[in-house]
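> Below: one structure in structure tokens.
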């Protein structure tokens with residue numbers, strides 16, 4: 001059974017991998033000259049399902065747990081060192097709110113924080129540690145996954161091609177174009193995210209550090225060799241490429257609040273792109289005849305892509321229905337996505 005995967009971001013590569021492992025002949029079509037050059041390139045790379053419960057539905061955490069084993073063991077690109085969550089003393093109530101919404105954590109005092117991250121000694125007095133979570137470098141992860149696909153004899157890449165129309169030789173098309181698929185999914189919106197990559201030889205973190213703040217929350221993810229990804233803004237507009245001076249100032253100020261040495265760090269890169277999202281910020285598998293759309297991953301691309309890819313392969317090969325991410329009438333068109341309570345009910349019915 002031949003299948004065409006449209007888009008070589010994290011969703012497309014994971015979908016292609018899931019299909020190819022099951023013996024499907026896969027053609028991957030990408031409009032960019034190589035894999036991973038779209039929105040996935042600017043991701044934070046935190047595989048943090050339990051931290052995400054602070055603002056996401058339980059479904060996100062449940063699906064996201066599958067990503068831990070996929071990225072750390074199967075692909076071998078994630079570091080399982082946990083996630084550290086802190087807050088300035090004046091905002092310490094944020095820690096209690098975060099703890100109330102999340103799970104799978106340990107409560108830390110100042111000494112506990114310093115034991116995990118010596119660079120933060122005497123900087124924070126309370127925090128949470130999520131020991132089972134992981135992080136990765138998105139660009140290295142996509143490169144590793146693309147190389148693995150290249151070595152599979154039943155996979156072919158086609159770069160610098162649009163691929164919006166299904167190929168007549170493919171039994172199935174799996175559309176993973178993200179925001180570019182809005183022509184077929186009118187309820188899709190773009191949420192702008194901006195990030196920085198800083199270089200500092202004065203700081204060394206072993207894991208992502210999230211600082212809670214009611215107006216300017218921030219996370220810092222170590223990338224090795226003195227590099228740190230600082231992110232990320234969430235702006236409800238569809239301005240894809242422009243990084244604003246306001247956002248740069250806010251991100252740098254927030255990083256400075258975590259550690260003063262960030263004030264002298266080199267700005268290596270700024271980046272911005274649109275995260276594809278439906279009204280409830282939950283992912284979808286949408287089947288239209290012989291086309292299956294994987295979309296709406298919002299800011300959880302690396303967290304959700306492995307679980308959605310596995311389900312997509314089951315839809316293609318076995319006509320399975322996954323009510324937690326699909327409508328019962330999977331060919332029915334929708335312009336705004338299911339209401340939040342419908343998705344929650346579907347998740348409850350599958351043990352989420």
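> Set the Förster distance to 51 Å, then compute FRET efficiency between residue 239 and residue 151 from the Cβ-Cβ distance, nearest 0.05.
Computed FRET efficiency for residue 239 and residue 151: 0.85.
> Between helix 138-150 and the chain, what is the angle of the helix's C-alpha long axis to the longest principal axis, kept within 0 to 90° and rounded to the nearest 10?
Rounded to the nearest ten degrees, it is 30.
> Per-residue counts of other Cβ atoms within 10 Å, averaged by peptide: what ranking do you get for 248-256, 147-155, 55-63, 271-279, highest first?
Peptide ranking by packing, descending: 271-279, 55-63, 248-256, 147-155.
> Measuring from centroid to centroid over Cα atoms, what is the spacing of the stretch 8-37 and the stretch 267-300 in Å?
When both Cα centres are located, 15 Å separates them.
> Return one number: the angle in degrees, 0 to 90 and rounded to the nearest 10, between the long axis of the Cα atoms of helix 301-318 and the longest principal axis of the Cα atoms of the chain.
With rounding to tens, the tilt is 20 degrees.
> While we're on this one: Given an 8 Å cut-off on Cα distances and at least 6 residues of separation, report the relative contact order of the chain as a percent.
The value is 23 percent.
> Dividing the convex hull volume of the Cα atoms of the stretch 104-262 by its residue count, what figure in Å³ per residue is obtained?
Residue-normalised Cα hull volume stands at 188 Å³.
> On to the next question. Separation between the residue 318 and residue 216 pseudo-spin-labels, each 7 Å from Cα along Cα→Cβ, expressed in nm?
Label at residue 318, label at residue 216, 5.0 nm between them.
> Students often get this wrong: which residues of the stretch 239-257 have the backbone nitrogen under 13 Å from the point 7 angstrom along Cα-to-C-beta of residue 90?
257
> For a test of the definition: using alpha carbon positions, the gyration tensor, and the 1.5 limit on a/c, classify the stretch 180-222 as rounded, prolate or oblate.
prolate
> Within the stretch 259-296, name every residue whose backbone N is under 18 Å away from a label modeled 7 Å from Cα of residue 199 along the Cβ vector.
Residues passing the 18 Å test: 261-271.
> Diagonalise the Cα gyration tensor of the chain and give the resulting equivalent ellipsoid semi-axes, square root of 5 times each eigenvalue, largest first, whole Å.
35, 21, 19
> Shape call for the stretch 140-232 from the C-alpha gyration tensor, a ≥ b ≥ c root eigenvalues: rounded (a/c under 1.5), prolate (a/b greater than b/c) or oblate?
Here the stretch 140-232 falls in the oblate category.
> Also, quick follow-up: Zone of residue 1 (label point 7 Å along Cα→Cβ, backbone N under 14 Å): which residues in the stretch 172-212?
Inside the label zone: 172-174.
> Compute the long axis of helix 58-69 from its Cα atoms, compare it with the longest principal axis of the Cα atoms of the chain, and write down the angle in degrees, 0 to 90, nearest 10.
The answer is roughly 90 degrees.
> Just check the stretch 74-129 against the gyration tensor rule for me: Cα atoms, a ≥ b ≥ c as the square roots of the eigenvalues, rounded for a/c under 1.5, and otherwise prolate or oblate depending on whether a/b exceeds b/c.
Since a/c reaches 1.5 but b/c is at least a/b, the shape of the stretch 74-129 is classed as oblate.
> For the stretch 72-185, count the residues as N, evaluate 2.2 N^0.38 Å, and divide the Cα radius of gyration by that value, please.
For the stretch 72-185, the normalised Cα radius of gyration is 1.64.
> Only helical DSSP H runs with n ≥ 4 go in: add -39500 (n - 2.57) per run for the chain, normalise by residue count and round the 222 nm mean residue ellipticity to 500 deg cm²/dmol.
-8000 deg cm²/dmol
Quick note: the coordinates plus some simple rules give every number you see, no bench work behind them. None of the values given here were measured: they were computed from a predicted structure. Glycine gets a Cβ as well: all are built from the backbone with ideal geometry, and neighbour counts include every protein chain shown.
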